[in-house]
């Protein structure tokens with residue numbers, strides 16, 4: 001297989017672009033030039049038909065055979081859906097062309113609007129290019145650089161769940177069938193290392209760890225992050241964070257940077273539900289967008305730099321409330337953490353559809369959440385996304401890079417009430433995505449794998465059957481609160497109450513708890529698990545950061561001399 005291609009398109013400046021790209025990318029990419037939209041389309045079609053990949057289109061803002069590069073991107077997308085798309089405008093007309101072109105970027109017609117390089121070491125330009133190439137690499141089913149190997153005769157539910165976990169951990173992984181001839185000596189070595197005559201599948205080899213015969217995702221998490229005997233935190237920590245989503249990560253970064261000892265316990269993969277988002281475009285400071293996994297891993301690395309300890313794959317099973325003299329205790333199967341203060345940011349789970357025939361196929365075409373690994377296996381198939389929130393919109397756009405068609409099913413009359421406008425605009429532009437309003441999934445089936453779905457019109461009751469290889473369910477939130485003690489007040493849906501939402505009869509001296517404080521002193525809640533939260537990545541991050549001064553105030557309350565009386569009005 002040839003190296004992935006970068007196609008450089010310009011009537012007058014293709015040679016200049018080629019020279020710029022040769023100096024940095026010639027070893028790893030097949031660099032091709034074209035002078036028009038049609039020529040680039042023909043090159044892309046030839047590459048696709050021989051089974052190779054196009055990673056990136058870089059085009060001048062003006063082409064001779066189309067009125068707008070938006071038309072060119074549309075035509076190229078029909079040939080290669082998952083290639084990244086960049087406008088590199090010549091400096092003579094960069095400002096002139098910008099207003100019309102930037103509107104297209106907001107609709108997802110392309111990924112970046114850049115100034116064509118004017119000389120050597122244009123790092124701003126190449127930073128954007130390498131970011132996009134890195135993002136493209138993460139969408140390839142069989143990546144070149146492999147951190148974890150997954151070996152199994154079938155891509156069954158467990159194998160897919162393990163690969164999805166590895167994806168969310170930022171560990172590029174590759175799937176192998178054990179019958180591959182090149183693998184036989186390697187497997188013989190694994191059998192000898194494990195002391196077994198026959199291997200039980202799937203076998204997972206991750207990041208120079210001992211190979212394991214996995215029976216669950218948790219087996220893989222323990223292999224990567226340590227076994228119960230290694231989980232020892234003898235000291236009482238200042239802040240224990242339950243949940244490694246945006247709220248928990250923000251608290252870890254700000255808390256550790258301000259001198260608190262911080263431990264983060266995450267039951268699954270760092271990033272929480274946000275970590276499954278293929279592309280978050282409205283997060284402050286990332287104009288080209290960022291995947292939830294990359295955002296989470298950057299935040300984790302930032303927290304590690306300040307001294308935070310992470311324990312991934314450990315589900316908290318109980319929280320024992322402390323007293324003025326004793327710390328709070330968090331219990332897991334691998335050990336316990338004693339903490340002066342606790343942040344509950346364990347997030348929510350997607351609600352179940354509740355259709356028995358559908359539930360029976362979970363892991364065999366039916367997925368709760370975005371399931372990025374499963375999405376990459378949908379190439380050439382029809383898929384359905386159920387849900388009207390931002391996560392559903394992001395999942396649909398990601399799936400459209402691979403699937404033949406994507407149908408978004410919502411019970412509401414449309415997406416406007418629950419989805420950000422930038423996603424609605426991108427969805428409306430994408431020819432592979434259809435939205436079915438006032439519709440619900442009522443049945444489905446297939447021979448060991450999802451093959452069809454029955455959809456019902458909620459207004460008329462009419463039903464129709466549609467082919468579907470994948471069903472991605474993003475149905476809204478249910479809090480994960482069964483491990484919390486009764487001392488913590490919750491609403492009727494079991495979301496944790498904080499601040500003025502706490503019932504008045506539980507206020508102390510007729511004063512409500514602080515904004516993110518619960519009914520138990522020293523225990524706080526942030527992110528999706530908190531009643532009244534916005535269910536957005538940025539708001540969860542803000543809440544996590546806002547908890548830190550409350551922790552400081554709880555751990556070191558102000559003395560009477562430090563208190564400043566409020567002015568009397």
Suppose we keep just the alpha-carbon trace of segment 67-196; what are its Rg and Dmax in angstrom?
21.4, 69
Using the Kirkwood formula on the Cα atoms of segment 341-382, what hydrodynamic radius do you get, in angstrom to one decimal?
12.8 Å
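Quote the convex hull volume per residue of segment 5-137, based on C-alpha atoms, as a whole number of Å³. Write down the numbers at each step before the final one.
Working: hull volume 13.2 nm³, N = 133.
Dividing the Cα hull volume of segment 5-137 by its residues yields 99 Å³.
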Over the Cα atoms of segment 450-569, what Rg and Dmax result, in angstrom?
21.7, 73
With viscosity set to 1.002 mPa s and temperature to 20 °C, compute the Stokes-Einstein D of segment 116-164, Rh being the Kirkwood radius across alpha carbon pairs; µm²/s, no decimals.
156 µm²/s
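In deg cm²/dmol, rounded to 500, what helix-only [θ] at 222 nm does the chain give when every DSSP H run of at least 4 residues adds -39500 (n - 2.57) and the total is split over its residues?
-9000 deg cm²/dmol
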Mean Cβ count within 10 Å, highest first, over the residues of peptides 173-179, 3-9, 374-380
3-9, 374-380, 173-179
Would you mind checking the tilt of helix 69-79 against the longest principal axis of the Cα atoms of the chain, expressed as 0 to 90 degrees and rounded to 10?
90 degrees
Starting from the exponent 0.38 and prefactor 2.2 Å, build the expected Rg for segment 445-512 from its residue count and divide its actual Cα Rg by it.
1.98
Here the percent of antiparallel bridges among DSSP beta bridges lying wholly in the chain, to the nearest 5, is 35 percent
If you wrap a convex hull around the Cα atoms of segment 356-475, how much volume per residue is inside, in Å³?
89 Å³
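Answer rounded, prolate or oblate for segment 1-63, using the Cα gyration tensor with square roots of eigenvalues a ≥ b ≥ c: rounded when a/c is under 1.5, else prolate when a/b is larger than b/c, else oblate. Mind dumping the intermediate values first?
Details: a/c = 2.67, a/b = 1.18, b/c = 2.26.
Oblate is the answer for segment 1-63, as a/c is 1.5 or above yet b/c matches or exceeds a/b.
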Sorted by mean Cβ packing within 10 Å, highest first, what order do the peptides 499-511, 241-253, 98-110 take?
241-253, 98-110, 499-511
Under a no-solvent Debye model with one identical scatterer per Cα of segment 185-275, what's log10 I(q)/I(0) at q = 0.10 Å⁻¹?
-0.40
Return one number: the angle in degrees, 0 to 90 and rounded to the nearest 10, between the long axis of the Cα atoms of helix 184-194 and the longest principal axis of the Cα atoms of the chain.
10 degrees
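Just the projected area, averaged over all directions, of the convex hull on the alpha carbon atoms of segment 148-225: how many nm²?
4.7 nm²
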Restricting the count to DSSP beta bridges whose residues both fall in segment 170-329, what percent are antiparallel, rounded to a multiple of 5?
35 percent
With viscosity set to 1.567 mPa s at 4 °C, what whole-number translational diffusion coefficient in µm²/s follows for segment 241-312 from Stokes-Einstein and a Kirkwood radius over Cα pairs?
107 µm²/s
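Read-outs throughout are calculated quantities, based only on the coordinates presented, and are distinct from any laboratory measurement. Since we're looking at a predicted model, the values are computed, not measured. For neighbour counting, all protein chains shown are included, and Cβ atoms are generated from backbone atoms with ideal geometry for every residue, glycine included.
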